[in-house]
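Here is the structure we will look at, set down as structure tokens.
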Amino acid sequence: MVDQEYNTYSFVKCRECGALLKIITNTHLKKCCGLSSKEYLEKYPGEALSSQEHRDKMSKSKIPKIKTKITPIIEELTEKFIEEDIIDNKNEEIKNLSKEKTIKEEEFIDPFSYDDEPNKSQIIYFLTEIFGKKAIKKNHFIEKRNIDGNILYSYVTDICNIKKKIDFEFPNAFWHNSESVLNVTTRNNQLIEDGWKIISIKKRMPKIMDIKNILIESKIIKA
């Protein structure tokens, strides 16, 4: 199943790319989806940009609200989470705040720097930098049909390179697309027989270095 259940309290789903994040920041939208926060909200009106858990934490925090003349959309974001670009624009105002209330830029979290949770978007971004956007697909179905056009098999992948026929599977990550019809061995054997290379990263919270090391060990890329 491609759309799996997830913890809707702790995570918010990006409607553009499907990534599960604590916060959908401008950095994520620009790097992964090619949108600004304003464009995203115009495209998906009413969608939350942060998880309920994050909003609950922020409501209890001591981060002051900054009065601004920018658009109501960005003003709403400021109340929840002050984006990097807002920090740049409000540096002078921040410097005038008292020390205990001063908001430091390094305190703000970019989902691309999370070390404590697996991030599918981060991995996709890394692979597209190596193989190109057109080659890397997420939640892609690999199908095989007979001469009559009937489907012999149809398997969903976590991430795959359709040009080099590489299937990247993350069986222990919470966003893994599990197969329900056949066991994993049967699935992988059929794909390998048809020219696919299966790369299985079994860590529950995979990191970029895990992917890079396997690609080097498999001699797909050079060190």
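The values are calculated or read from the model by the stated rules, or taken from the named source; none is laboratory data. This is a predicted model, so every value here is computed, not measured. Virtual Cβ from ideal backbone geometry, glycine too; neighbours counted across all protein chains shown.
Tabulated results
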quantity: Residue match in segment 117-126 (condition: of a type in the set (A, V, I, L, M, F, W, C) and surrounded by fewer than 15 Cβ atoms within 10 Å (Cβ to Cβ)); calculated: no
quantity: Test: residue in segment 137-157 that is closer than 16 Å to Lys202 by Cα, in the same structural domain as Ser200 (by TED's automatic domain parsing), modelled with pLDDT of 90 or more and in contact with a Phe, Trp or Tyr (Cβ under 8 Å, 6 or more places away or on another chain); calculated: yes
quantity: Filter result (surrounded by fewer than 19 Cβ atoms within 10 Å (Cβ to Cβ) and at pLDDT below 85) within segment 1-21; calculated: Met1, Val2, Asp3, Gln4, Glu5, Tyr6, Asn7, Thr8, Tyr9, Ser10, Gly18
quantity: Any hit, segment 34-42, residues being at pLDDT 85 or above and within 25 Å of His176 (Cα to Cα); calculated: yes
quantity: Subset of segment 127-182 [assigned to a loop (DSSP other than H, G, I, E, B), touching a residue at least 40 places away in the same chain (Cβ under 8 Å) and either among the acidic types (Asp, Glu) or more than 28 Å from Val12 (Cα to Cα) (or both)]; calculated: Lys164
quantity: Condition check for Asn172: of a type in the set (S, T, N, Q) and modelled with pLDDT of 90 or more; calculated: no
quantity: Selection count, segment 183-203, where residues are in a loop (DSSP other than H, G, I, E, B) and of a type in the set (Gly, Ala, Ser); calculated: 1
